[in-house]
Each structure stands twice: as C-alpha cells, then as structure tokens.
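Colleague: Mind having a look at this structure? Questions to follow.
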Amino acid sequence: MKKILIILVLFLALLSFGAKPTFAAENFFQKTVRSIGNGAQRFYLRWIPGDKPGESVLIQAISATEQLKTAQVASEITADLLQDDQSKGNAKITIKGPAQLQPQVSGEMTQQEMNFSGEFTLQGTTLRLVADAKVAGNTFYFKLNQVPALPNVDLSAITGKWYKTTMEAAASTENTQLSTDQKEQLNAASMQLWKSAKAGTAQAVTKNDHSVYMVNVTIPNKAVEEYLSAVVEVQSQAYSSQSPDITSRIQSELRQNLNKIGDIKAVIWVDKSTFYVRHIEIPISYAINQSSNEEASFAPLAALSQINKAIILIKVDLDNFNEPIQFVEPTDALEAKDALAASFGKMMTPGLPSAEGTSELPSLTPAQRLQLQQLNSISPAQKQKYLDQLGQMDKLQ
C-alpha cells in the first residue's frame, strides 16, 4: 500500500507542477509576436467549427493556466486491488474544495479549504476517514469528522474538533525561495515535458454542461522521469540540509516506480471559451512487488500482503475559476499536540477493560474475551511488535 501512495503522490505532483510552465524573459518584439500568434490561434479554436489539432489546444491551456489563481477542485483517486488479476479489495480517496493554485510565498496570506475522505475495503472490512482541512498563512487546521474503527484504539475524544499546528519550522531554518537559475531550471524541465507530450485530435464535445475540447495525451515515460528528477534536484538545492544521498535515493525510487507504469496516457478536457482545464483522467496499472513475507495478525493487513497489482484511476475536476475563496478561520481550534494526548489517553489496554478506580479485576465481555484470545494466539514476536506500536509494553509484560 505504501508504494501505491507513493505513485499517487507522484502523479499529483505531476499535475501540480507540470501544468504551469512560464515563458522565459522576452523583449517587446517577442512578446508582441507571441501575443498576436496566440490571439489568432484562440480565434481559430473558439470560432471555427470542427475538431482541432490537440497540440494547439494544449498550448492555449498552458498559457491560460499561467493566469489561474484559484479554482474549485474535486479530485478522486480509486484503486482496485488485485491478487493474480482477481479483485480482493478497493480504495477510494476524494479531496475537494477551493484551492489557491498560485500561493504567494512572500509573506502574503494563503488560504485553502479542503474536505478529505478516504475509504479502504479489504476482506469484508471497511476503514473510513473523513476530515476537513484549512490553511491560513502558516497555520494548518484540521478536523476529524469520522475515523476508522481500529483494534484497541479509541479516537472518539478527538473527533469533531478543530486542531491547529504551525508550519514555521522549515521556513525559519531554510531559504525556500528559488533563485532565478532554479526557476529557469524548472521552467526548462516543464517546457520539455510538454514538448514531449503527444496529443491526439481535439474533439469538440460537452462535459458537465460546458463546451470543451477533449484531447488524448501521451507523455513518454522518459520525459516524466526527467521532469520529476529535475524537480527533486531543484528542491534539494533549495533545502540545503537535504543530502545528495537522499536526493539520489528519491530519484531512484521515482525511476523504479515509473518503469512499472510505462508511458502516461491521460484524457484532458479544455474549456473552449477560457481554455482552462476542466477535467483530467489518468488511468494507471501498477505492479506491486511485496517485499515482506511477515505474517500479520490483523486480517485486512494479512490480505493486503497478497495484493500484487493495482488498477488506479485519477480524476480531477476544476470549476469556479479565479473566484474569491470564502474562508472562515476556526476560533476554537486546539493545539495539535492535544489531539495526540487525547487519543493516547483514551487508548485501552489490548483485550482488557480499564480497572481504574477499583481493586478488583472486572469481568470480560464476550467481545473482550475474543480480543484476548486473538492476542494470545499470535506469535511472541508479533505480540511484542504490536505492543510497541501501542506503547503498552509496561502493562502487559
């Protein structure tokens, strides 16, 4: 599952960074020529009937995205988990809400408000998490609305409450502003990525009641690898504390994961009027090499270790472009460290009820007896590992 999450983050990074190349510095004559050319091309795409060259539509989409400040974003990631081509479970993650696509990093207020939900089903067991998140400047707010039921863990004390944490540590110790040279490196890598993309014919269709062009795009595996490696390299330059070994390891992991996927095939819907991207779909087939044969005591985890392939579909919808974000900052948010204290404070000893306030050992309920039997049936090594995770070694030794 860890590798699945890595590849999802990889593609979200591709969507976040790859769609916003900026043009290098131009003189007045160059700007004028490009403006006239773009104007003529936009007129052709908007008013001349019929299908169009996909490359022309993508060029206008890239140009329009440069001016995009905010949008209502709805992302959905679904994964069908397979064992030898037989479905064994599924996962679904949705993230939606208004987002500031070009946040000001020079000290101005950045505001984002998103709703997150995740659902994981395997072996008849479903784990579900629903949360809200807000960003205001350097403050990150989150609220857990629904949490999964986990063995011997009680998270009821922290649900339904806003918590906050500041994101100042990295900014105070690192100079995260990119230099002119670093920006040019990213721009060159981004432009090269899109030059490598092969676009099919742009078909004039309707999507979500909007007139759009639908374009099938193929990006060669090598081009994606070179682009993401350049992003990692520039980030390592910005964060001077990141060692070359870590940078090399990240690039190696990206290369290995991309080799399991091959070329990236996406479908992009571009608005005919504004040329903003309205919808993206990216299907992925990802082979999973299980590196551990360790037996898991929790049934869903044991089943997860048998999964060897994931069929993933990423969908992104964008709407309400450049509209102000209606943002209300929580005034009753608690410190995030209080959430950890509350969750661990409510955690019960595995298999046993709390005996606080009495000198007698209370009787066990049928459910607690079953938990105790399950605990006693696992191997000593697994039991020790489980206890380490819960921080309860001193209570059951």
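Colleague: Do any residues in the stretch 185-208 that are assigned by TED's automatic domain parsing to the domain that holds Thr65 have Cβ atoms under 8 Å from those of residues that are part of a strand (DSSP E or B) and acidic (Asp, Glu), where the two are at least six apart or on different chains, and which pairs are they?
Modeller: Pairs that qualify, where the first residue is assigned by TED's automatic domain parsing to the domain that holds Thr65 and the partner is part of a strand (DSSP E or B) and acidic (Asp, Glu), are Asn208/Asp317; Asn208/Asp319.
Colleague: Further, regarding this structure: Run down Ile59, Ile6 and say which single residue is modelled with pLDDT of 80 or more, of a type in the set (A, V, I, L, M) and out of contact with any strand residue (DSSP E or B) (no Cβ under 8 Å at 6 or more places or on another chain). Give the derivation first.
Modeller: Working: Ile6 fails: modelled with pLDDT of 80 or more.
None of the other options fit; the residue is Ile59.
Colleague: I need the full set of residues from the stretch 109-157 which are touching a Lys or Arg at 6+ places or on another chain (Cβ under 6 Å), at pLDDT 90 or above and charged (D, E, K, R), in order please.
Modeller: Glu119, Asp132
Colleague: While we're here: Considering only the stretch 191-209, how many residues are in a loop (DSSP other than H, G, I, E, B) and modelled with pLDDT of 90 or more? Can you show your working first?
Modeller: Of the stretch 191-209, the ones in a loop (DSSP other than H, G, I, E, B) are 197, 200-201, 208-209.
Remaining after also requiring modelled with pLDDT of 90 or more: 200-201, 209.
Counting residues in the stretch 191-209 that are in a loop (DSSP other than H, G, I, E, B) and modelled with pLDDT of 90 or more gives 3.
Colleague: Quick one: is Tyr239 over 21 Å from the mean Cα position of the chain (by Cα) and at pLDDT below 85? Break it down stepwise before answering.
Modeller: Values: over 21 Å from the mean Cα position of the chain (by Cα): yes; at pLDDT below 85: yes.
Criteria met by Tyr239.
Colleague: Among the residues that make up the stretch 76-95, is at least one of them out of contact with any His (no Cβ under 8 Å at 6 or more places or on another chain), among the acidic types (Asp, Glu), modelled with pLDDT of 85 or more and part of a strand (DSSP E or B)?
Modeller: The answer is yes; a qualifying residue exists.
Colleague: Hey, could you check the stretch 250-278 for residues that are part of a helix (DSSP H, G or I) and touching a residue at least 24 places away in the same chain (Cβ under 8 Å) and say which is surrounded by the fewest Cβ atoms within 10 Å (Cβ to Cβ)?
Modeller: If we filter the stretch 250-278 for residues that are part of a helix (DSSP H, G or I), which is where we start, we get 250-259.
Now restrict to residues that are touching a residue at least 24 places away in the same chain (Cβ under 8 Å): 253-255, 257-259.
On the way: Glu253: 14, Leu254: 20, Arg255: 14, Asn257: 18, Leu258: 19, Asn259: 11.
Only one residue fits best here, namely Asn259.
The values are calculated or read from the model by the stated rules, or taken from the named source; none is laboratory data. Please read all numbers here as calculations on a predicted model, not as lab measurements. Positions of Cβ are generated from backbone atoms using ideal geometry, with glycine treated the same way; all protein chains shown enter the neighbour counts.
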